[in-house]
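Input: a single structure, listed below in structure tokens.
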Amino acid sequence: MKIIAITGMPGSGKGEFARLLSEKGIKVITMSDVLREKYEKEAKSGERLMDFAKRMRQLYGKGVVAKLCVEKIEKGSNIVAFDGIRNWEEIEEFKKVGEVIIVAIHSPPKLRYERLLKRARKDDILTMEGLIKRDWEELEMGIGNVIALADYVLTNDSTIEEFKSKAEELIKRIL
């Protein structure tokens with residue numbers, strides 16, 4: 001099985017890359033959605049999703065979210081993508097079930113902040129200081145190691161059209 005592991009900081013364009021894979025018929029499992037399912041059942045009162053994720057990793061190991069995601073792979077799949085890799089232990093969990101190709105999406109902080117403001121998801125950070133704080137939380141989780149060891153890095157610092165074009169080229173190479 002081929003596993004495409006998508007990583008990047010919040011607002012970098014991971015979801016857009018995942019959407020393009022999905023349009024090609026590739027099953028995409030969004031790691032935060034899988035975590036959110038568990039969060040809705042097991043979170044402590046008032047606990048933020050990020051704090052819940054930290055607690056789960058402390059209790060069950062840093063690869064816990066990947067283990068939950070692996071359970072979502074459909075039988076007979078020969079390729080699957082995971083959107084939202086946060087640490088190397090997750091990569092190790094995915095390696096147990098297939099050949100892992102890591103794709104990191106990189107965008108400058110100021111541009112990511114502008115995108116987060118535009119998309120305005122309920123859990124998005126709405127101040128630059130908040131984004132910097134979240135970036136540090138992501139880095140403490142180990143995301144920098146995954147980005148540094150990625151097989152491919154796509155820079156997303158221009159128009160959506162340019163990003164899609166670069167992403168399509170990369171997807172052809174991977175598939």
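The single condition among (1) part of a helix (DSSP H, G or I); (2) among the β-branched types (Val, Ile, Thr); (3) open to solvent by 80 Å² or more (accessible area, probe 1.4 Å) that Val153 does not satisfy is (1).
If the condition is being open to solvent by 30 Å² or more (accessible area, probe 1.4 Å) and more than 22 Å from Pro10 (Cβ to Cβ), then region 75-90 contributes Lys75, Gly76, Ser77, Asn78, Ile79.
Yes/no per residue for (1) at positive phi; (2) of a type in the set (Ser, Thr, Tyr):
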{"residue": "Lys2", "(1), (2)": "no, no"}
{"residue": "Gly8", "(1), (2)": "yes, no"}
{"residue": "Ser12", "(1), (2)": "no, yes"}
{"residue": "Leu35", "(1), (2)": "no, no"}
{"residue": "Gly61", "(1), (2)": "yes, no"}
{"residue": "Val64", "(1), (2)": "no, no"}
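Yes/no matrix, rows are residues, columns are (1) among the charged types (D, E, K, R); (2) under 25 Å from Tyr113 (Cβ atoms); (3) modelled with pLDDT of 95 or more:
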| site | (1), (2), (3) |
| --- | --- |
| Ile4 | no, no, yes |
| Thr7 | no, yes, yes |
| Glu40 | yes, no, no |
| Lys54 | yes, yes, no |
| Arg57 | yes, no, no |
| Glu71 | yes, no, no |
| Glu74 | yes, no, no |
| Ala81 | no, no, yes |
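Taking the condition of being within 21 Å of Leu49 (Cα to Cα), in a helix (DSSP H, G or I) and either in contact with a Leu (Cβ under 9 Å, 6 or more places away or on another chain) or at pLDDT 85 or above (or both), how many residues in region 92-127 meet it? The qualifying residues number 5. The lone criterion from (1) modelled with pLDDT of 95 or more; (2) open to solvent by 60 Å² or more (accessible area, probe 1.4 Å) left unmet by Leu175 is number (1).
Look at region 83-104: where a residue is of a type in the set (S, T, N, Q) and a partner is surrounded by fewer than 21 Cβ atoms within 10 Å (Cβ to Cβ), sitting 6+ places away or on another chain with Cβ atoms under 6 Å, you get Asn87/Lys62; Asn87/Met141; Asn87/Gly142. Examine region 38-53 for a residue that is touching a residue at least 40 places away in the same chain (Cβ under 8 Å), in contact with an Asp or Glu (Cβ under 9 Å, 6 or more places away or on another chain) and under 20 Å from Ser107 (Cα atoms), and state whether such a residue exists. Within region 38-53, not a single residue is touching a residue at least 40 places away in the same chain (Cβ under 8 Å), in contact with an Asp or Glu (Cβ under 9 Å, 6 or more places away or on another chain) and under 20 Å from Ser107 (Cα atoms). Could you grab me the full set of residues in region 27-74 that are touching a Phe, Trp or Tyr at 6+ places or on another chain (Cβ under 7 Å) and surrounded by fewer than 15 Cβ atoms within 10 Å (Cβ to Cβ)? Selection gives Leu49 alone.
Within region 46-72, being among the basic types (Lys, Arg) and under 13 Å from Glu140 (Cβ atoms) holds for Lys54, Arg57, Lys62. Which numbered condition trips up Arg19, out of (1) open to solvent by less than 10 Å² (accessible area, probe 1.4 Å); (2) at pLDDT 95 or above? The single condition Arg19 does not satisfy is (1). The set of residues in region 91-118 being among the charged types (D, E, K, R) and either open to solvent by less than 30 Å² (accessible area, probe 1.4 Å) or touching a helix residue (DSSP H, G or I) at 6+ places or on another chain (Cβ under 9 Å) (or both) consists of Glu92, Glu93, Lys96, Lys110, Arg112. Residues in region 16-45 that are over 30 Å from Ser158 (Cβ atoms) and in a helix (DSSP H, G or I): 9 in all.
The values are calculated or read from the model by the stated rules, or taken from the named source; none is laboratory data. All of these numbers come straight from a predicted model, not from anything done at the bench. Because the Cβ atoms are built from the backbone with ideal geometry, glycine has one as well, and the counts that use them run over all protein chains shown. Calculation scope for accessible area: heavy atoms of the full protein, side chains included, ligands and nucleic acids excluded. Shrake-Rupley method; radii C 1.70, N 1.55, O 1.52, S 1.80 Å.
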